[in-house]
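Everything below concerns the one structure shown next.
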Amino acid sequence: MAAGTGLLLALSACSPSAVTGSTAPASSTGTPLPDAHIHGLSVSSTTGQVLLATHEGLFDMSKQPAAKIGASNDLMGFTGGTDHGVLYASGHPGKGSDLPSPLGLIRSTDGGRSWEQLSRQGESDFHALTATKSGIVGFDGTLRTSPDGKNWNAVSTDFVPAILAGNPTSDTVLATTEQGIQRSTDGGKSWSAVKSGPVIQSAAFSGPTEAVGVEPDGTVHYSADAGATWIRKGQIQDTVQAVAAVKGTGEDLSIWAATADGIVVSTDGGATFMPAGAS
């Protein structure tokens with residue numbers, strides 16, 4: 001009940017199992033955030049660039065201080081994949097912008113400096129958004145799928161996702177809901193509940209099979225089979241607003257989280273966390 005209540009609060013704010021490893025809370029005094037409202041976190045597996053989508057636009061958190069990228073659009077939905085080659089976003093235009101409201105689906109191929117209008121301008125504000133091998137999945141009050149970001153199909157569901165998590169190399173999508181995890185293996189066209197899974201608020205894939213999820217209380221979970229089963233790992237002390245997962249050159253998995261106090265990272269698969277940039 002507590003987890004469900006926490007997720008309900010996150011949704012209303014539009015923010016977005018065996019026990020292994022350490023469960024000691026982590027200090028989250030990480031890199032300061034440029035805005036209190038975070039709606040997306042993406043870390044490049046090739047360059048290490050850390051992107052943060054906020055009400056004030058997109059920021060490169062790899063810079064000190066954080067560097068603003070492009071216009072000050074309110075990015076309510078955002079997905080960056082794992083290499084930042086193509087970014088997708090939605091939300092509302094910022095002050096002085098000539099973009100329509102809501103933004104519909106927009107795309108950037110230059111790291112967020114400029115955005116192309118793809119579809120549903122003036123119609124959709126996708127609060128949940130992800131990219132899969134077969135296209136885009138978004139939620140604007142209705143769950144929708146698109147093979148090309150331009151033509152959309154509505155999907156009938158009985159759940160409201162807080163987060164949609166996918167990966168460009170797979171058609172598996174996870175939806176976090178108050179009732180638990182919903183899972184699709186066909187790019188969002190059909191869904192089934194993960195009955196034995198935790199009630200997570202944030203989720204992310206590092207590749208086609210590895211996924212991470214975080215409960216409203218900060219408990220971290222790991223899945224090696226694309227969200228079908230989960231293992232409890234460690235815990236993040238502060239409120240998590242967004243999460244990202246990156247597979248290293250070896251077997252190491254890095255988990256990044258934007259909390260109320262800053263960005264923290266785990267390099268041991270979620271067992272422990274430390275402020276980003278700490279030695």
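The values are calculated or read from the model by the stated rules, or taken from the named source; none is laboratory data. All figures in this text were calculated on a predicted structure; none of them were measured in a lab. Positions of Cβ are generated from backbone atoms using ideal geometry, with glycine treated the same way; all protein chains shown enter the neighbour counts. Heavy atoms of the whole protein, side chains included, go into the accessibility calculation; ligands, DNA and RNA do not. Shrake-Rupley method; radii C 1.70, N 1.55, O 1.52, S 1.80 Å.
For this structure, a couple of remarks:
- If the chain linking Asp110 and Ala154 were pulled fully straight, counting 0.36 nm for each residue of separation and taking away their Cα-Cα distance, it would gain 12.9 nm.
- Pair-distance distribution of region 206-279: all C-alpha pairs, bin width 10 Å, starting at 0; shares per bin in whole percent are 21, 57, 21, 1.
- The percentage of C-alpha pairs in region 61-106 whose separation is greater than 17 Å is 42%.
- Ellipsoid fit via the Cα gyration tensor, the chain: semi-axes of 26, 22, 17 Å, each the root of five times an eigenvalue, largest first.
- For the peptides 196-202, 74-80, 64-70, residues were scored by their other Cβ atoms within 10 Å and the scores averaged per peptide; the highest-first order is 74-80, 196-202, 64-70.
- Per residue, the convex hull volume that the Cα atoms of region 47-194 enclose (Å³): 109
- Extension gain for Thr229-Lys247 works out to 4.6 nm (0.36 nm per residue, less the C-alpha to C-alpha distance).
- Relative contact order (%) - criterion: Cα under 8 Å, at least six apart; region: region 119-160: 28
- Reported to the nearest whole Å, the Cα centre-to-centre distance from region 54-122 to region 215-240 is 28.
- Using every pair of separate Cα atoms, the Kirkwood estimate puts the hydrodynamic radius of region 146-279 at 15.1 angstrom.
- For region 77-129: accessible area per residue (Å², 1.4 Å): 42
- Taking a Cβ cut-off of under 14 Å around His55, the surrounding Lys, Arg, Asp and Glu residues balance to a net charge of -2, with basic ones at +1 and acidic ones at -1.
- Using a probe of 1.4 angstrom and keeping all protein chains present, the accessible surface of region 180-279 works out to 38 square angstrom per residue.
- Calculated log₁₀ intensity ratio I(q)/I(0) where the Debye formula runs over C-alpha points of region 80-126, q = 0.16, 0.24 Å⁻¹: -0.40, -0.82
- Within the accessible area of the chain (1.4 Å probe), percent carbon and sulfur: 49
- Cross-link pairs beyond the 24 Å C-alpha cut-off, checked among Lys150/Lys195; Lys133/Lys247; Lys195/Lys233: Lys150/Lys195
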